[in-house]
Amino acid sequence: MDGQATGSEGHPLHPPATGPFADLEPDHHETPSVTERFQQVFWAAKKAMTDAAETAYRRHGVRSGQQFILMALWEEDGLSPGELARRLQLATPTVTKATARMELAGLVERRPHPSDRRLVRIHLTDAGLQLRRVMADEMRALSERALTSLDESEREDFVRFLAQLRTNVTPP
């Protein structure tokens, strides 16, 4: 099937039943329900997009997860590790470790707080600042690649459907 990976039944949406839920899998001789196809296609698409984005980030020296720290600093430079952790809903030690690696890569620098030398602020370097435009271009190209087979109306519908999906699963 055009080079697509297939399961044991030769259908791209019928992966072999393995793992902890294998005994709960439907009979694959029947056509999977829309709900089953949604789960399979959604998570496969998410993984493909994540993998492609991480490949783009790595091309520019950004490790997985560091893009979120960069985005927060592009929005407001000079945050403390604790402020970054709160904004990103991460543990402070996780942010501290990530920013230490980013400092070694030349993307950020730690500077002492002006009035409390015990505290540090994380600031973008010129290299970290320049990545903003580069990464925006990379993500725009990735989005275009992902949507290439859809016309403008289908793209609008798709984005609307994704927004509705997010609303549906977000707690009130």
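Coordinate-derived values only; no laboratory data. Treat the numbers as computed from the prediction; the structure is a model and nothing was measured. Ideal geometry is used to build each Cβ from the backbone, glycine not excepted, and the neighbour counts take in all protein chains shown.
With Cβ to Cβ distances under 15 Å as the rule, what net charge do the other residues near residue 99 carry (K, R +1; D, E -1)? The partial results should precede the final answer.
On the way: positive: 63, 86, 87, 97, 101, 110, 111, 121; negative: 76, 77, 83, 103, 109.
Charge balance near residue 99 sits at +3.
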Return a whole-number percent for the relative contact order of segment 77-142, with Cα pairs under 8 Å and 6 or more residues apart as the contact set.
31 percent
Per the Debye formula with a single identical scatterer at each Cα and no solvent contribution, what log10 I(q)/I(0) holds for segment 56-142 at q = 0.17, 0.19, 0.25 Å⁻¹?
-0.65, -0.80, -1.32
With the dipole of segment 101-172 worked out from charges on the C-beta (+1 for Lys and Arg, -1 for Asp and Glu) around the Cα centre, which of 163, 114, 150 lies farthest toward the positive end?
114
Expected output is a single nm value to one decimal: the length gained when fully extending between residue 170 and residue 92, i.e. 0.36 nm times separation in residues minus the C-alpha distance. What is it?
25.6 nm
Förster radius 25 Å - calculated FRET efficiency between residue 137 and residue 76 (Cβ-Cβ, nearest 0.05)
0.65
Residue 116 and residue 46 label points (each 7 Å along its Cα→Cβ direction) are spaced in nm at 3.7 nm
With θ set to phi - 60° and the Karplus curve 6.51 cos²θ - 1.76 cosθ + 1.60, what are the ³J(HN,Hα) couplings of segment 83-91 in order, to the nearest whole Hz, using x for Gly and Pro?
5, 4, 4, 5, 5, 9, 6, 10, 6
Tell me which trypsin sites (Lys or Arg not before Pro) from segment 103-172 have a DSSP coil assignment and no more than 14 other beta carbons within 10 Å of their own.
117, 118
